[in-house]
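Beneath this line is the structure, given in structure tokens, with notes to follow.
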Amino acid sequence: MAEDAHILVVDDDARLRGLLSRYLGEHGFRVTVAENAAEAREKLGFLRPDLMVLDIMMPGESGLELAESLQRDRAQEVPVLLLSARGGPDDRVAGFEAGADDYLPKPFDPRELVLRIRALLRRTAPAEPPAGKLPLGQASFDIDRAELTTEDGTVRLTGGEAALLTALARKPNEVLSREEIAAALGMEDASERAIDVQVTRLRRKIEADPREPRFLHTVRGRGYVLKPGL
């Protein structure tokens with residue numbers, strides 16, 4: 001159980017934000033707060049929370065709209081627990097259809113919120129890959145051997161592709177900047193275009209459709225992230 005998990009709390013109620021931040025912090029979580037969807041988007045530009053506690057009814061972009069947007073953006077996937085003063089069956093269904101992972105009506109007991117957060121973190125934690133190997137759909141990448149294999153055998157990687165995939169695989173689900181990638185490739189003076197070309201070539205070998213990547217995602221303004229999975 002990740003007691004030190006990072007939680008992003010998004011709610012326009014300053015009093016509730018403060019209470020949740022203090023209570024979750026007392027239970028071992030790291031907490032960042034945002035008062036609306038716009039501020040949450042800004043913080044998601046440089047943070048990678050483990051879970052978001054998101055109020056539905058906020059001025060401007062609602063929590064439902066933000067949850068739907070995050071569901072569409074694979075590079076910004078984050079488990080979402082919705083909070084709402086409206087807890088009827090239709091409201092719950094709308095929340096889950098928007099992409100929420102859990103739904104808690106207001107008012108709620110903060111002890112229940114902590115239990116739900118812990119359960120959700122356990123449920124959404126990525127499965128541990130076999131030692132030294134990272135699953136990429138029907139393929140797997142052996143980090144120690146820098147070898148990509150499928151059911152049909154070994155996939156030939158160029159030196160640059162192997163170095164790129166190794167660098168990303170050593171830090172799965174973490175964004176690597178182009179500068180970090182260039183250093184891993186021994187191309188410290190490489191242009192952004194040169195890095196992007198290497199990424200494009202690698203995608204052709206690990207993605208079923210390179211135009212809609214499932215594993216190797218671009219994080220605009222930041223770099224690239226590898227999100228392994230079966």
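Each reported figure results from applying straightforward, stated rules to the coordinates on display, with no laboratory input. Keep in mind that what you see is a predicted model, and the values were worked out from it rather than measured. Backbone-built Cβ (ideal geometry, glycine too); neighbour counts: all protein chains shown.
The value of relative contact order for the range 179-230, using C-alpha pairs under 8 Å at least six residues apart, is 18 percent. When Lys and Arg each count +1 and Asp and Glu each count -1, what net charge do the other residues less than 15 Å away from Thr149, Cβ to Cβ, add up to? Computed value for this residue: -2. Loop-located GluC sites (Glu not before Pro) in the range 39-145 (DSSP state other than H, G, I, E, B) with a sparse environment of at most 15 neighbouring Cβ atoms within 10 Å: Glu61, Glu77. Note on Tyr23 and Glu77: the extension gain reaches 16.9 nm, defined as 0.36 nm multiplied by sequence separation minus the Cα-Cα distance. The C-alpha radius of gyration of the chain, expressed as a fraction of 2.2 N^0.38 Å, stands at 1.13.
The value for the range 133-226 of Rg(Cα) / (2.2 N^0.38 Å) is 1.00. Projecting the Cα atoms of Leu66, Leu115, Ala98 onto the dipole axis of the range 6-124, where Lys and Arg carry +1 and Asp and Glu carry -1 at the beta carbon, places Leu115 farthest toward the positive end. Projection of the Cα convex hull of the range 6-124, averaged over all directions and equal to a quarter of that hull's surface, yields 6.6 nm².
Shown here for the range 52-102: trypsin sites (Lys or Arg not before Pro) in loop regions (DSSP other than H, G, I, E, B) with at most 13 other Cβ atoms within 10 Å, namely Arg86. Between Gly229 and Leu136, Gly137, the built amide H atoms are under 5 Å apart, and every one of these is 5 or more places off in sequence or on another chain.
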